[in-house]
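Data first, discussion second: the structure below is written as structure tokens.
The values are calculated or read from the model by the stated rules, or taken from the named source; none is laboratory data. Given the structure is predicted, the values throughout are model-derived calculations rather than measurements. All Cβ positions, glycine included, derive from the backbone under ideal geometry; neighbour counts span all protein chains shown.
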Amino acid sequence: MKILFALISTGLAGGVRYIFEVANGLKDKGHDVKIVALAGDHS
């Protein structure tokens, strides 16, 4: 299955970190997972 997570930013706050964990788990199960963000936290 193709899955897209759309985020406002990539700062590693609790909710965003959870999305990354879920995305990795889905990828491990064979899903095509993409994450896009409107803005990045490059610090």
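Odds and ends about this structure:
- Scanning segment 1-16 for residues that are within 8 Å of the chain's Cα centre (by Cα) and assigned to a helix (DSSP H, G or I) yields a count of 1.
- Residues (surrounded by 11 or more Cβ atoms within 10 Å (Cβ to Cβ), of a type in the set (A, V, I, L, M, F, W, C), out of contact with any helix residue (DSSP H, G or I) (no Cβ under 8 Å at 6 or more places or on another chain) and at pLDDT 95 or above) located in the chain: V22, A23, L26
- Hits in segment 1-35 (condition: touching a strand residue (DSSP E or B) at 6+ places or on another chain (Cβ under 6 Å) and of a type in the set (G, A, S)): A6, S9, A23
- Contacts under 9 angstrom Cβ, first residue in segment 1-22 being in contact (Cβ under 8 Å) with a residue 12 or more places away in the chain and of a type in the set (K, R), partner in a loop (DSSP other than H, G, I, E, B) and surrounded by 10 or more Cβ atoms within 10 Å (Cβ to Cβ), 6 or more apart: K2/H31
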